[in-house]
Amino acid sequence: MDGRRRAGVLAHVTALPGPGGMGDFGPGTRAFLDFLAEAGQGIWQILPLAPTNTGAGNSPYSGYSAFAWNPLLISPHLLVRDGLLSPQDVRTPPPLAQGRVDFAAQAAWRTALLDAAYDAAWPKLSEDRDFLAFCQEHAGWLEDWAVFAALKRQTQGAPWYQWDTPLRLRHPQAVEAARQRLGFWIQRERFVQYLAARQWRQVLEYAASLGIVVLGDVPIYVSLDSCDVWAHREIFQLDHEGRPIFSAGAPPDYFSATGQMWGNPVYDWERLARTGYEWWVQRLAHERRRVHAIRLDHFRGFCAYWQVPAGEPTAENGVWVPGPGRRLFDTVQAQVPDLWLVAEDLGVITEDVRELMESLGLPGMRVLQFAFGGGAENPYLPHQIPEHAVAYTGTHDNNTVRGWWEHEAGPEARAHVEAYWGRSLQAETVSDALIRLALLSRARWAVVPLQDYLGLGSAARFNTPGMAYGNWAWCAPADACSPRLASRMRELAQLYGRVVEARGA
């Protein structure tokens with residue numbers, strides 16, 4: 001986190017309006033960055049850029065890789081510009097369905113276009129110096145990913161733990177045979193990652209030229225069905241057949257009497273320590289090249305995490321296990337300079353987690369939807385938010401402010417908001433009130449979901465935790481990022497001393 005007051009917007013790439021039926025790395029994103037600059041904003045917060053599982057909810061937090069880009073974010077329109085597709089190829093993208101992305105249709109359409117782009121590039125690809133340099137620079141993760149993705153395609157998306165035993169357990173001869181058999185498709189996966197990285201680099205550089213910090217997101221855990229687990233079984237607690245011994249989760253609490261079972265394998269932190277936390281160093285170094293700052297999801301898991309024996313029906317029989325703590329971050333920061341980290345510290349946070357954050361100098365998050373309904377000591381109230389923090393009206397896991405007001409905030413919370421604001425509020429005005437409270441706070445950074453600036457209700461909620469399907473699909477209307485909205489946002493940023501001008505982040 002830098003020393004200046006900034007305002008920003010939370011909007012995942014897929015939620016941005018654009019010509020492709022969903023947001024991607026193309027013209028719509030560039031237009032959105034221009035909009036942010038016009039609005040005086042200095043932060044664009046996104047969700048993980050990982051390849052998502054279209055058949056299992058499309059969650060960016062349950063990706064197939066901690067390193068690879070999501071191929072669906074590649075802009076077909078930029079591929080037309082580059083001569084890899086024709087204008088006719090991109091004329092009929094799948095439309096939004098009632099303001100929501102049709103991910104299944106998008107995956108089919110975009111995969112076919114990427115196949116066509118690869119066919120066009122393939123004859124000369126072995127002579128493309130930029131492509132070859134990319135493959136060499138990223139070989140540490142790219143080679144495993146390319147084989148994994150090609151095998152995924154061959155097996156119609158079957159999880160790796162259902163593959164034939166030699167491939168499931170990565171017997172060297174079986175992997176080499178797959179490399180020989182699937183060479184054309186493995187090269188295709190390298191090429192797709194090259195396209196995504198090249199397009200995203202242009203986005204990141206353009207954001208920096210406008211003075212906008214891109215705040216990315218790193219989930220602490222990876223999916224069981226991921227290239228990371230398949231290729232690095234030794235750093236996870238798995239049995240000799242590759243099955244998880246433990247599952248990550250959360251203990252029983254007020255909200256869930258049986259706790260939460262997340263299904264992610266847990267790390268073998270002792271083994272990772274013996275490697276100098278090599279995989280985590282590489283992961284955060286890679287992410288630092290992709291974004292300017294990083295939100296660490298579920299930060300408390302680095303201090304201690306809830307571990308549940310595999311096969312348990314609920315999380316009730318789990319235990320707290322110490323995490324790597326300061327040792328991990330000292331190792332990472334010694335090797336990855338200029339690492340701006342934000343700790344996701346929402347929920348019940350114990351003193352040891354606070355001490356770890358303070359020792360590392362990490363800012364936390366303060367969400368205003370959690371502020372009301374109690375007393376003046378609530379740490380989420382604007383007057384309690386410290387300077388070294390990021391203030392939010394809500395996150396991707398919250399309802400919109402209007403949706404919260406209409407469906408979740410009880411009478412006590414509503415009365416508290418109105419007393420704090422000093423006047424009565426309605427559904428049409430509450431979003432503006434909480435936006436102003438976030439921006440006027442002492443927090444150095446203040447981030448507002450795009451839906452709240454638009455004053456939208458529950459239909460625009462991005463994610464409902466615990467709901468497997470129907471999330472992540474909201475997309476902003478084509479006219480959402482209007483000059484009128486940019487002017488209003490700039491006025492607010494100016495009023496609260498948060499305007500950032502376009503002169504470099």
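Before moving on, here are some points about what is shown:
- Restricting 458, 482 to those that are surrounded by fewer than 19 Cβ atoms within 10 Å (Cβ to Cβ) and within 18 Å of residue 395 (Cβ to Cβ) reduces the list to 458.
- Checklist (1) aliphatic (A, V, I, L, M); (2) closer than 20 Å to residue 356 by Cβ; (3) within 22 Å of the chain's Cα centre (by Cα) applied to residue 272, failing item: (3)
- Test: residue in segment 311-322 that is among the charged types (D, E, K, R), assigned to a loop (DSSP other than H, G, I, E, B) and over 25 Å from the mean Cα position of the chain (by Cα): yes
- Neighbours by Cβ (under 9 Å, 6+ apart or cross-chain): first from segment 467-485, under 10 Å from residue 99 (Cβ atoms); second of a type in the set (D, E, K, R) and outside any loop (DSSP other than H, G, I, E, B): 473/100; 474/100; 475/100
- Any hit, segment 435-447, residues being on the phi < 0 side of the Ramachandran plot, β-branched (Val, Ile, Thr), under 22 Å from the mean Cα position of the chain (by Cα) and surrounded by 23 or more Cβ atoms within 10 Å (Cβ to Cβ): yes
- Total residues in segment 467-505 satisfying the condition of being part of a loop (DSSP other than H, G, I, E, B), at pLDDT 95 or above and more than 24 Å from the chain's Cα centre (by Cα): the figure is 6.
- Index of the failed condition, residue 96 passing every other in (1) modelled with pLDDT of 95 or more; (2) surrounded by 14 or more Cβ atoms within 10 Å (Cβ to Cβ): (1)
Here's the yes/no breakdown for (1) under 24 Å from residue 279 (Cβ atoms); (2) in contact (Cβ under 8 Å) with a residue 12 or more places away in the chain:
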| residue | (1), (2) |
| --- | --- |
| 136 | yes, no |
| 146 | yes, yes |
| 154 | no, yes |
| 209 | no, yes |
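- Options 292, 298: the member that is under 25 Å from residue 243 (Cα atoms), in contact (Cβ under 8 Å) with a residue 40 or more places away in the chain and not aromatic (Phe, Trp, Tyr): 298
- Residue check, residue 453 under 19 Å from residue 349 (Cβ atoms) and touching a strand residue (DSSP E or B) at 6+ places or on another chain (Cβ under 8 Å): no
- Single match in 55, 28, 18 (criterion: surrounded by 24 or more Cβ atoms within 10 Å (Cβ to Cβ) and either free of Cβ contacts under 8 Å to residues at least 24 places away in the same chain or over 25 Å from residue 496 (Cβ atoms) (or both)): 18
- Note on segment 33-57: residues that are at pLDDT 95 or above and either part of a loop (DSSP other than H, G, I, E, B) or within 15 Å of residue 199 (Cα to Cα) (or both) amount to 12.
- Residue 173 passes every criterion in (1) part of a helix (DSSP H, G or I); (2) surrounded by fewer than 19 Cβ atoms within 10 Å (Cβ to Cβ); (3) touching a residue at least 40 places away in the same chain (Cβ under 8 Å) apart from (3).
- Here residue 446 passes the criteria (1) assigned to a helix (DSSP H, G or I); (2) in contact with a strand residue (DSSP E or B) (Cβ under 6 Å, 6 or more places away or on another chain) except the one numbered (1).
- Which listed residue is under 25 Å from residue 216 (Cβ atoms) and not acidic (Asp, Glu), from 431, 424, 441: 441
The values are calculated or read from the model by the stated rules, or taken from the named source; none is laboratory data. Predicted, not measured: the structure shown is a model, and the values here were computed from it. We place every Cβ from the backbone using ideal geometry, glycine too, and count neighbours over all the protein chains shown.
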